[in-house]
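This report concerns only the one structure given below.
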Amino acid sequence: MSAQADTAKTADEGIASDVAVPLVMSRWLQVEQVDATVATLYLQSTGKRLRVPRPLYDLLRRFQAPATLREVAGADADIARMVGAIRTLRAKGFLLAEGEAEAPPTRRLLTDPPIRLFDCPAQTLVPALANVVAIGVPCDTGDRASAGARAGPAALREASMQTLYGIDRATGQSQGWFDVDRGRAILRGVSVCDGGDVFVDHGERQAAVFDRLSEALEILTAAGALPVLLGGDASICWPALRLLQSRAPLAVVRIGVLGRRDAVETAPSAFVGAHALPRSALGLPGVSRYVHVGPCAAGAGASLAGFAHVPVEAAARDGAAALAPHLLPGQRIYLGVDMAALATPASDADGVALFDYARLHALVCGIGAAHPIAGLDLVGLNPSAPCWRTTAMTALHLLLTALSAAKDPHAPQA
Amino acid sequence: MHRRPDAHMLERDTPPGATLFGWPAAAAPHAGAAGIEVLGVPSDAGNGIASGARFGPAAIRRASLGLPARDVEGIGIDGGAIDRIEHAGIDHGDVDFIHDCDWADALLRIQALVEGIAARGAVPVVLGGDHAISYAAVAALHGAGPLSVVWFDAHTDFCAWPGGDWHSHKQVLRRIAGLPHVERIVQIGHRGITYDDESARSSKMRVSTAAEANAMRADALLDRLPSRQPVYISVDIDAVDPRWAPGTGHPVPGGLDVATLGALARAIAAGRDVLGVDAMEVNPLLDHRDMTSTAAASILAQIVSGLSERANAGRPALPPLPTA
């Protein structure tokens, strides 16, 4: 047999197999765009995109149920002309042989927000070289009182468009901001980036979300960036606590509302609710102290070794000095701020003392002056709440204040 | 000679009775002349972020009708002052051309209306609306210079001005500082986290932070205002802490409380010749239970009370009471 005849035989056999095998469209195929001449296809499982001629798209649509190429093309079709395109679709996963195993969609850790915090640079999923990396955690099922906070990250980012991040053209460094109340520049030269939101498939187990957050945090902070979580409810700090205490010993300082004594005392479980944070955190080997600052159910946490409660009145009066008896000097801390501790126009605190901005501002500055801050969160951001615009602007001020407390050297107390 | 703004320029559908403090509507037959003339400017054209301040004048008027006679949010208006407030002014309603012309042209027309009020010897009280409106009101007092401007505001409003006839509430004070008859600006209530240090944007301006203002005595504030120099008072409601005045487009935490701001403003009204007043940036769409419009009305009540006090002390700030 000649070489030419041999090649033709091989090609015929290949075509024969393509023609005979029942094929089916991938279940992960999405159509992004179709017009009279072309179609753009997207394969959700791999993230691949493919632009195909409209006739090929029309042919592909006929594989919604398993069928052979001969069946869908018809007896008179020039099969040989179609085989190349069919092979391409198969090679890229848009078409499969009937019964062929198909990879599930690529596991996504983060999603890209439409607006970045302060319009700072976006951060891809690699170790951030910026000083601060923000991650949104749109999750609010860990605290009954935080309904609506899953929309907090997006809403806070939108509000932050009034407080933009800027780069000095001459130095290439962050311009920072100016704190009028302290009469000083803040965060000058401190770079900030936004890693996006952790992917949440509402209805899945909390552990699945938190595992994704843990993995993203580990990658993003591998080069030393300070993690800042935007909640969400207070429970979203749990993956950050796990990670940061594994790197070095840590104390937790949470400014917020701890209203359920029973939950504080609940035995550790796979699900970490906001009110069970003290017990869960103190169960971590690297966490020795947990200081709750703000309203707290009477007696909550009393049986927990390492737990301390600082009431609003004491913190408002004495600032960070009120925390000193409960923390080691210079102890590395994780600082969480729950907006539930802030008095707002719509606060219905039923006689419970809450913080005003000036006191919180002073407290956060004082904490930063006394302790290195390894991680931050700002939670309880609920854009459905009355006067959200006001609360959002206050939250942004507190966030910048906390960042200043963490990153500005020798920040004097307010 | 007393001449009122052209009737066709004013809203005709202001609900009966919805005038500031229940004063007579200027067009009413029994209105007569008054020492204070109110003009509403229902505009948010100069606000780049939030619309809704266009409903501010109506909300302030409604809130003013609900003020209790004494101890409103701790403000403590005495009964005598309330009596005088009830007869001190007339209300022209809202201008009706805001959405029929360009913003710059609207400001010129507002300026002309305020000039008319000033020419009658009355004190214009302008209800906003966004703060860019204050430029027109201050510009209208060009014959009264040199003038001091007291600017209650969380912001310095000194953003860059690209020139031309562009007006925004973010650069309104920069433009006012450029008016030749404005000699000094006392800015009170600046605070929060900003892009830069804005405390020295003009040699005419002295900035006091909210923290300083909360601890400020009224006589210390008066010391910054020459006793023989007329004054214009502008109140951006965002000078008040957003916990008490959330309904405004650019809230900044850590502000003054209503009582403190009201007391400072009243002291100025009672201690200096105030030629004009405004209350700006009340946005009912963002408000909660009318807190913000009530705060604005309360502060205006304090200012009017101070004006009355000065008039009763023999100063020519207020003409004789109108006859009903």
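The values are calculated or read from the model by the stated rules, or taken from the named source; none is laboratory data. Every value quoted in this text rests on a predicted model; they were computed, and no experiment measured them. Every residue, glycine as well, gets a Cβ built from its backbone with ideal geometry; the counts of neighbours run over all protein chains shown. Each accessible area value is taken on the protein alone, full model and side chains, heavy atoms only, with ligands, DNA and RNA left out. Shrake-Rupley method; radii C 1.70, N 1.55, O 1.52, S 1.80 Å.
A few remarks follow.
- Here the Debye sum runs over all C-alpha atoms of chain A as equal scatterers in vacuum, and log10 of I(q)/I(0) at q = 0.07, 0.08, 0.12, 0.13 Å⁻¹ comes out as -0.45, -0.54, -0.90, -1.01.
- Segment B:115-139 residues near the modelled B:Trp161 label - backbone nitrogen below 11 Å, point 7 Å along Cα→Cβ: B:135-136, B:139
- The mean number of partner chain beta-carbon atoms within 10 angstrom of a residue's beta-carbon across peptide B:186-193 is 5.
- For segment B:145-194, the Rg and Dmax computed from alpha carbons only, in angstrom: 11.4, 34
- Rounded to the nearest 10 Å², the accessible area of B:Asp290 at probe 1.4 Å: 90 Å²
- Mean-square fluctuations from a GNM of chain B, with a 10 angstrom spring cutoff on Cα atoms, peak among B:Ala200, B:Ala154, B:Ala25 at B:Ala200.
- Each peptide in A:87-94, A:307-314 gets a packing score, the mean of other Cβ atoms within 10 Å over its residues, and the list from highest to lowest is A:307-314, A:87-94.
- In the full protein context, the protein assembly as shown carries 41 Å² of accessible surface per residue, based on a 1.4 Å probe and ignoring ligands, DNA and RNA.
- Semi-axis lengths, Å, segment B:185-324, gyration tensor of Cα atoms, sqrt of 5 times eigenvalues: 26, 20, 12
- For peptides A:270-279, A:95-104, sequence by mean Cβ density within 10 Å, most packed first: A:270-279, A:95-104
- Stretch gain in nm, segment A:His202-A:Asp78, where the contour uses 0.36 nm per residue and the Cα spacing is subtracted: 39.8 nm
- Phi-based couplings in Hz for segment A:130-138 (Karplus 6.51, -1.76, 1.60; Gly and Pro marked x): 6, 6, 9, 10, 9, 9, x, 10, x
- Using the alpha-carbon positions of chain B, Rg (one decimal) and Dmax (whole number) come out as 17.5, 53 Å.
- Placing dummy labels 7 Å off each Cα toward the beta-carbon, the span from B:His288 to A:Ala353 is 2.1 nm.
- Shielding by other protein chains, B:111-122, mean Cβ within 10 Å: 0
- Two-site FRET efficiency, A:Ala122 against B:Arg228, from Cβ-Cβ distance with R₀ of 56 Å, rounded to 0.05: 0.45
- Spherically averaged projected area of the convex hull of Cα atoms, the protein assembly as shown: 42.9 nm².
- Buried area at the A:B interface is about 2100 square angstrom, summed over both chains, from accessible surfaces computed with a 1.4 angstrom probe.
- Segment A:Ala270..A:Asp318, full-extension length gain: 13.6 nm, with 0.36 nm per residue of separation and the alpha-carbon distance subtracted.
- Taking label positions 7 Å along the Cα-Cβ direction at both B:Phe97 and B:Ala313, the computed distance is 3.9 nm, reported to one decimal.
- The share of alpha-carbon pairs in segment A:25-66 lying farther apart than 16 Å comes to 31%.
- Relative contact order of segment B:166-276, pairs being alpha-carbon contacts under 8 Å that are 6 or more residues apart, as %: 27 percent
- Of the accessible area of the protein assembly as shown, computed with a 1.4 Å probe over protein heavy atoms only, carbon and sulfur atoms account for 52 percent.
- Estimated Rh, segment A:267-387: Kirkwood, alpha-carbon pairs, angstrom: 15.4 Å
- Our note on the geometry: Cα centres of segment B:37-63 and segment A:194-255, 44 Å apart.
- Shape index of segment A:159-217: Rg/Rh, with Rg the Cα radius of gyration and Rh the Kirkwood radius from the inverse mean 1/r over Cα pairs, equals 1.19.
- The contact residues of segment A:387-410, meaning those that lose at least 40 Å² of 1.4 Å-probe accessible area when all protein chains sit together rather than their chain alone, are A:Cys387, A:Arg389, A:Thr390, A:His397.
- Straight-line reach from A:Lys92: taking Cα to Cα under 17 Å and skipping same-chain neighbours fewer than 8 places apart, the aspartates and glutamates in range are A:Asp18, A:Glu32, A:Glu100, A:Glu102.
- Summary of the geometry: segment A:44-85 and segment B:139-210, compared by the centres of their Cα atoms, lie 69 Å apart.
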